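The values are calculated or read from the model by the stated rules, or taken from the named source; none is laboratory data. None of the values given here were measured: they were computed from a predicted structure. Counting neighbours? That spans all protein chains shown, and the Cβs are built from the backbone with ideal geometry, glycine included. The area values use the complete protein model at the heavy-atom level, side chains included, leaving out ligands, DNA and RNA. Shrake-Rupley method; radii C 1.70, N 1.55, O 1.52, S 1.80 Å.
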Amino acid sequence: MEGSFDFAIILKSVPYLAEGMVLTFQLTFLGIAGGIFFGTLLALCRLSPFAPLSFVAGSYVNFFRSMPLILVIFWFYFLVPFIVGHPVGGFWSVTLAFIMFEAAYYCEIMRAGIQSVTLGQVYAGQALGLTYRQNMQYIVLPQAFRNMIPILLTQAIVLFQDTSLVYVVGLGDFLVHADIVANRDNRLMEMFTTVAIVYFIICLLGTFYIRRLQRKLANA
Amino acid sequence: MPETENTTPSVESSPGVGMIQMEVVSKWYGNFQVLVNCSTKVDKGEVVVICGPSGSGKSTLIKVINGLEPFQEGVVTFDGTSVGDAATNLPMLRSRIGMVFQSFELFPHITITDNINLAQLKVLGRDENEATNRSMALLERVGLMDQKDKFPAQLSGGQQQRVAIARGLAMDPAAMLFDEPTSALDPEMINEVLDVMTELANDGMTMMVVTHEMGFAKRVADRVIFMDEGRIEEDCTKDEFFGGERGDRAQEFLSKILTH
Ligand SMILES: Nc1ncnc2c1ncn2[C@@H]1O[C@H](COP(=O)(O)OP(=O)(O)OP(=O)(O)O)[C@@H](O)[C@H]1O
Ligand SMILES: [Mg+2]
């Protein structure tokens, strides 16, 4: 490493770093959207009075919650091409891994959310003639979702940090691009300090936003 | 009909099968029997008040009528349809029975208008215009037109309960069930809700009302049912009930709530 800190060199690599950041955000966004979608379906299965369905959903959740994320990423990376019979590319196998993994956590969040909606609300919907599906769709899930927004977003911040694990399958996210620049220019200290600051600021902004939202929801 | 001359007038007003009919209905929670051989009949246009001590099964009794609570023995029919029959389309049946709860149960995440519109759109298949017109007419009727764009939490308890009544009426129900509609209200708001209910009764709505408002019962009810420990202990006309032809348990209960 050269003598003094030289942050100017980082400015030159901003476009390359931004490209990595785009991938990080893509993975985060797809992971959240898919995770919440499948997580909600899983939660509905877990709460189903039909025992086999609730057992399968429960096992899914327990299984993924006892796996390290990095193992799930590896596993999907090798398994998905094998199952579909042709290479799908690192991006889609990793995206799928995130969605399936996050779904287990979002399932538990949505389950708590659904249970936070009072029985009286369910009765009111039923008494109006709504079917089970309509009652879920228009009465229970919107309230469950609203009650859980702060926790859903907190989980999103965790996922944002966890996307950095994609370096194990050679995808170029923010951290990987930073690593490449750092080694190429031999500016490890400057680069990793910058990376840490960027992650810190984004997460901090996210946390502030959640707090504000929480206050707003509490007053509503 | 000369052969029915000596029965009580309000009960015989529409002879034959009642709008709501319960025949020896029993229900258990595990080993605990909440309803014990309950039988009664409510005719079209009748207003029946149900009272009784806490835990006597009043809420359970009226939830059995629209199938919100399953029961194990007996037969319940609403307008000729058997509620306990597995082949009965319960959502369809429920859409014809309005229900008003003690804690209002307006949907907190949507506006007052949407609260009244929702089931009209999703259950009755009305279009947006038709539903909104109906909702506005009902809001006008309960005197809450100016609250139409607010959310439930922005309304007082009495206002919320009037919206809840409007929400039930929007389905053009054949009967309305009320479960202690005024017991969660501050005293100064009780009358605004009872007034709406009185008007509804005068318009000929078939109603079953769980309430301890004996003034309302005296003014509006045709019949009074008194429940105790899951049993229908008294089922008689208002005049019989308030005229003193009631049993000891009902007497004891009445004197308790009237001294409050
Ligand atoms: N889900 C349940 N599981 C077990 N027992 C229940 C359940 N719901 C109600 N009960 C019991 O059934 C009995 C009748 O309840 P219900 O709510 O019908 O009474 P109520 O007459 O409406 O009382 P209140 O005046 O307090 O509203 C009570 O003893 C109650 O504890
Ligand atoms: Mg009750």
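Can you give me the long-range amide H partners of residue B:74? Hydrogens built in the peptide plane at 1.01 Å from N, cutoff under 5 Å, separation of 5 or more residues or another chain.
It is B:26, by chain and number.
Give me the 1.4 Å probe accessible area per residue for the range B:77-133, excluding ligands and nucleic acids, in Å². Let's see the in-between values first.
Details: 2400 Å² over 57 residues.
Dividing the accessible area of the range B:77-133 by its residue count gives 42 Å².
Relative contact order for chain B: what percent, with Cα pairs under 8 Å and sequence separation of 6 or more? Walk me through the intermediate numbers first.
Numbers: 455 pairs, mean separation 65.9, N = 260.
Relative contact order of chain B: 25 percent.
Around residue A:131, what is the net charge, scoring Lys/Arg as +1 and Asp/Glu as -1 over all other residues with Cβ under 13 Å from its Cβ? Let's see the in-between values first.
Values: positive: A:133, B:94, B:122; negative: none.
Net charge around residue A:131: +3.
Angle check, please: helix A:51-65 long axis (alpha carbons) against the longest principal axis of chain A (alpha carbons), in degrees 0 to 90, nearest 10.
Around 20 degrees separate the two axes.
Among the listed pairs B:41/B:122; B:218/B:256; B:63/B:122, which are separated by more than 20 Å between their Cα atoms?
B:41/B:122; B:63/B:122
Between beta-carbons, use under 13 Å as the cut-off and find the net charge around residue A:26, counting Lys and Arg +1, Asp and Glu -1.
On the way: positive: none; negative: A:19, A:173.
Combined, the nearby Lys, Arg, Asp and Glu give -2.
Once you sort the root eigenvalues of the Cα gyration tensor of the range A:7-219 as a ≥ b ≥ c, which label holds: rounded (a/c under 1.5), prolate (a/b larger than b/c) or oblate (the other case)?
Values: a/c = 3.21, a/b = 1.67, b/c = 1.92.
Oblate.
Given Cβ point charges of +1 (Lys, Arg) and -1 (Asp, Glu) and nothing else, what value in debye, to the nearest 20, does the dipole of chain A about its Cα centre take?
The calculation lands at about 960 debye.
Antiparallel as a % of all DSSP beta bridges within the protein assembly as shown, to the nearest 5? Walk me through the intermediate numbers first.
On the way: 20 of 37 bridges.
Antiparallel: roughly 55 percent of the beta bridges in the protein assembly as shown.
Could you work out what % of the accessible surface of the range A:7-219 is carbon and sulfur, using a 1.4 angstrom probe and leaving DNA, RNA and ligands out of the count? Intermediate values should be presented prior to the final figure.
Details: 7840 of 10900 Å².
Whole-percent figure for carbon plus sulfur exposure: 72.
Please give the helix B:248-258 orientation as an angle from the longest Cα principal axis of chain B, in degrees from 0 to 90, rounded to the nearest 10.
In chain B, helix B:248-258 runs at an angle near 40 degrees to the longest axis.
Tell me, what ³J(HN,Hα) does each residue in the range A:187-198 have, in order and in whole Hz, if you take phi through Karplus 6.51 cos²θ - 1.76 cosθ + 1.60 with θ = phi - 60° and put x for Gly and Pro?
10, 4, 4, 4, 5, 6, 5, 4, 4, 4, 5, 4
Total accessible area buried between chains A and B, 1.4 Å probe, in Å² to the nearest 100? Write out the running numbers ahead of the final one.
Values: alone 12450 and 12190 Å², together 22880 Å².
By this definition, chains A and B bury close to 1800 Å².
For residue B:231, list long-range residues whose amide hydrogen, built 1.01 Å from N in the peptide plane, is under 5 Å from its own amide hydrogen.
Residues meeting the amide H criterion: B:36.
At 0.36 nm per residue, minus the direct Cα-Cα distance, what do residue B:79 and residue B:44 gain on full extension? Give it in nm, one decimal, please.
On the way: separation 35, 0.36 × 35 = 12.60 nm, distance 0.91 nm.
Result for the pair: 11.7 nm of gain on full extension.
Per residue, how large is the accessible surface of the range A:7-219? Use a 1.4 angstrom probe and give square angstrom.
On the way: 10900 Å² over 213 residues.
Spelled out: the 1.4 Å probe surface of the range A:7-219, per residue, equals 51 Å².
Loop only per DSSP, at most 13 neighbouring Cβ atoms within 10 Å: give me the GluC sites (Glu not before Pro) in the range B:167-260, ordered by residue number.
On the way: sites: B:188, B:192, B:199, B:213, B:229, B:233, B:234, B:240, B:245, B:252; in loops: B:213, B:229, B:245.
When the GluC sites (Glu not before Pro) of the range B:167-260 are filtered for loop state and at most 13 Cβ neighbours within 10 Å, B:245 remain.
Give the angle, between 0 and 90 degrees and rounded to the nearest 10, that separates the Cα long axis of helix B:128-141 from the longest principal axis of the Cα atoms of chain B.
60 degrees
Can you list which of the trypsin sites (Lys or Arg not before Pro) found in the range B:136-173 are DSSP loop residues with at most 15 other C-beta atoms within 10 Å?
Loop-located and lightly packed - B:150.
With the dipole of chain A worked out from charges on the C-beta (+1 for Lys and Arg, -1 for Asp and Glu) around the Cα centre, which of A:31, A:163, A:10 lies farthest toward the positive end?
A:31
What Kirkwood Rh does the range A:69-177 have if only Cα atoms enter the pairwise 1/r average? Answer in Å.
Here the Kirkwood hydrodynamic radius works out to 16.2 Å.
Which links in B:44/B:238; B:27/B:58; B:27/B:238 stretch past 19 Å when you go from one Cα to the other?
B:27/B:238
Skipping prolines and chain starts, which residues have an amide H placed within reach, meaning under 5 Å, of the one on residue B:102, given they are 5 or more residues away or on another chain?
Under 5 Å from the amide H of residue B:102: B:179.
Across the residues of B:103-113, average count of Cβ atoms on other protein chains within 10 Å?
On the way: counts 4, 2, 10, 2, 8, 7, 9, 4, 0, 0, 0.
The shielding value for this peptide is 4.
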